[in-house]
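Colleague: Structure below; questions to follow.
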Amino acid sequence: MKQRDRHTVLVGDRVRLVTGEGESTAIEAVLPRGSLLQRRSPGRVRGARPVAANLDQVVVVGAARMPDWDPHLIDRFIAVAEANRLPVRVVINKADLDPDAAAHGRPYERAGYEVLITCAADGIGLERLRGFLEHRVSLLTGPTGVGKSSLLNALSPGLRLRTAEVSRRGHAGRHTTVASEMHPFGQDGFVVDTPGLRDIGLWGLSAQEVSLAFPDIGRVAEGCRFDDCRHGNEPGCAVLDAVESGVLSASRHGSFRTMLAEAGVASRPWA
Ligand SMILES: Nc1nc2c(ncn2[C@@H]2O[C@H](COP(=O)(O)OP(=O)(O)OP(=O)(O)O)[C@@H](O)[C@H]2O)c(=O)[nH]1
Ligand SMILES: [Mg+2]
Ligand SMILES: [Zn+2]
């Protein structure tokens, strides 16, 4: 753990408290973390930005519409969780706005992710979502305005989290949830609602970490002629063949290539 992190109390941290004179209570120690979700950006001095501790899973939420489903952005949220070795589930909300909402999820199901179609407005999928969230510590992440807070409110009305219409949000950069907060959920679960992001910049993931978010590509890549194939334009690339034949989604392949380039390795000449 980095020196800086040790002195920061994060959402989800377990701490030891000491009671002093009168009413005063202080945090004596942050207990060892079972997991840590952090984003990274190579431009920052220390690079790592811790988000939450002791999570059991990350639930990546997108909307079928309003805002439009953005597979590349979803892939980036998945990559952050996978790079932190956290289990990922995908939720496609606002199913009421798109009769074909499930289609967005197919590439993710094929990759092995559990995908849930929901509608916070009319209740579709909510009981299954409850099942995902019970008895665990989960963090909801995803683009802004997709309905993360609305889903939690629908499942647990007592939370009364702030939500706002996408069209009334004003200029870019605003989101309705302004800080990550943890809330009790059900009998012994916890949920962390986070401010949505419009984009996730470079986080300096290694090529290996990027690959973790693409198990679908990894499986097919076993058939590539070269072990160090980057699935760009190499001869004998099984991944390109799979994209061509529709077995692998072009969008997932596109995300993979973009992130690999960001990892700073795609520019290395293929040898
Ligand atoms: N039609 C429809 N609208 C929804 C649904 N879920 C949420 N909304 C609406 O979408 C808007 C945004 O919802 P929020 O819950 O604030 O979204 P959020 O993901 O928490 O947004 P941030 O806090 O900015 O990250 C609100 O107007 C909600 O009423 C849904 O299933 N269907
Ligand atoms: Mg919110
Ligand atoms: Zn290949």
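Colleague: By residue number, which cysteines of the chain lack any other Cys whose Cβ falls under 4.7 Å from their Cβ?
Modeller: Cysteines lacking a close Cβ partner in the chain: Cys119, Cys237.
Colleague: Which value in nm describes the separation of the simple spin-label points at Leu126 and Asp241, placed 7 Å from the Cα toward the beta carbon?
Modeller: About 4.9 nm, to one decimal.
Colleague: Rank His253, His135 by accessible area, highest first, at a 1.4 Å probe radius? Don't skip to the answer; put the middle values down first.
Modeller: Working: His253 25, His135 115 Å².
Result of the area sort, largest leading: His135, His253.
Colleague: Taking the solvent-accessible surface of protein heavy atoms with a 1.4 Å probe, what is the per residue accessible area of the chain in Å²?
Modeller: Numbers: 13840 Å² over 271 residues.
Accessible area per residue: 51 Å².
Colleague: Using alpha-carbon pairs under 8 Å, 6+ residues apart, how would you state the relative contact order of segment 78-118 in percent? Could you put the intermediate results ahead of the total?
Modeller: Working: 40 pairs, mean separation 18.5, N = 41.
Over segment 78-118, the number comes to 45 percent.
Colleague: Further, regarding this structure: What angle, in degrees between 0 and 90 and rounded to the nearest 10, separates the Cα long axis of helix 71-83 from the longest principal axis of the Cα atoms of the chain?
Modeller: Helix 71-83 sits at roughly 70 degrees to that axis.
Colleague: Can you tell me, using C-alpha contacts under 8 Å and at least 6 residues apart, the relative contact order of the chain as a whole percent?
Modeller: Working: 499 pairs, mean separation 44.5, N = 271.
Relative contact order comes out at 16 percent.
Colleague: How far, in nm, would the chain grow between Gln208 and Leu31 when pulled straight, counting 0.36 nm per residue and subtracting the alpha carbon separation?
Modeller: Numbers: separation 177, 0.36 × 177 = 63.72 nm, distance 2.97 nm.
Fully extending the segment from Gln208 to Leu31 adds 60.7 nm.
Colleague: Using a 1.4 Å probe on the protein heavy atoms, what percent of the accessible area of segment 69-214 belongs to carbon and sulfur? Each step should come with its number before you reach the end.
Modeller: On the way: 3320 of 6580 Å².
Ligands and nucleic acids excluded, carbon and sulfur give 50 percent.
The values are calculated or read from the model by the stated rules, or taken from the named source; none is laboratory data. Remember, predicted model here, so these are calculated numbers, not experimental data. Positions of Cβ are backbone-derived with ideal geometry, glycine not excepted, and every protein chain shown enters the neighbour counts. In case anyone asks, the SASA skips ligands and DNA or RNA and just uses the protein heavy atoms, side chains included. Shrake-Rupley method; radii C 1.70, N 1.55, O 1.52, S 1.80 Å.
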